[in-house]
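Since the structure comes first, as structure tokens, the remarks are kept for the end.
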Amino acid sequence: MVEPLNLKNLNQPQDELKKDEVLFTWKAALSKEIDKKWYFGLLSFCLLLIIIAVWRRNYVGAVCLLIIGSLVYILSNREEEEKNFIIQQNGIQVGNELFRFEKLDSFCFFDDPLELCIKRKNNSGGNIIFPIRSREDLYKIRSVLLKFLPEKEIELGFMDILRRKIRI
């Protein structure tokens, strides 16, 4: 069977067709496994605050703490969402979102958990952090990204450090 012609692509210049060329792709889960210590700490802290609220006869506060603690537990237990990460000539695509290389400054890698960290040029919105599944992927990603961005050590902000510590 003959495939129909895509007239949209015929009107585009050849340079634009190459911008969508896939250089490397990998899959990884966006959420991470959370340590049992995190659950124990959350439960202990919430129970302590609930006991204090009941002792001070602040029943509304106790109920709010119970709801907030339950929501945090439920949201952190949701199933891992696996995404496709695609490095193209014009940027890195995650789902429908494209991070263009001209808006990115540099990249580096972190261990435990294995992640790719990309710094934006204008520092708005913080660093972009992508999970990586294996060391083999890391080496391939590094070799492709070096064609577009320099590899520099990136200083993490407070929220990035907190996210890495509690692994969310």
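Miscellaneous remarks
- Of residues in the stretch 78-114 being among the polar types (S, T, N, Q) and without any contact (Cβ under 8 Å) to a residue 24 or more places away in the chain, the one surrounded by the fewest Cβ atoms within 10 Å (Cβ to Cβ): ASN96
- From the options PHE99, PHE85, PHE109, PHE45, residue that is closer than 23 Å to ASP160 by Cβ, over 17 Å from the mean Cα position of the chain (by Cα) and at pLDDT 85 or above: PHE45
- Test: residue in the stretch 134-148 that is modelled with pLDDT under 85, part of a helix (DSSP H, G or I) and outside the structural domain of LEU43 (by TED's automatic domain parsing): no
- Restricting attention to the stretch 115-130, the residues that are surrounded by fewer than 18 Cβ atoms within 10 Å (Cβ to Cβ) and assigned to a loop (DSSP other than H, G, I, E, B) add up to 6.
- Screening CYS64 on (1) within 30 Å of ILE50 (Cα to Cα); (2) at pLDDT below 85 shows it passes everything except condition (2).
The values are calculated or read from the model by the stated rules, or taken from the named source; none is laboratory data. Remember, it's a predicted structure, so these values are computed and weren't measured experimentally. Here Cβ is always computed from backbone atoms with ideal geometry, including for glycine, and neighbour counts include all displayed protein chains.
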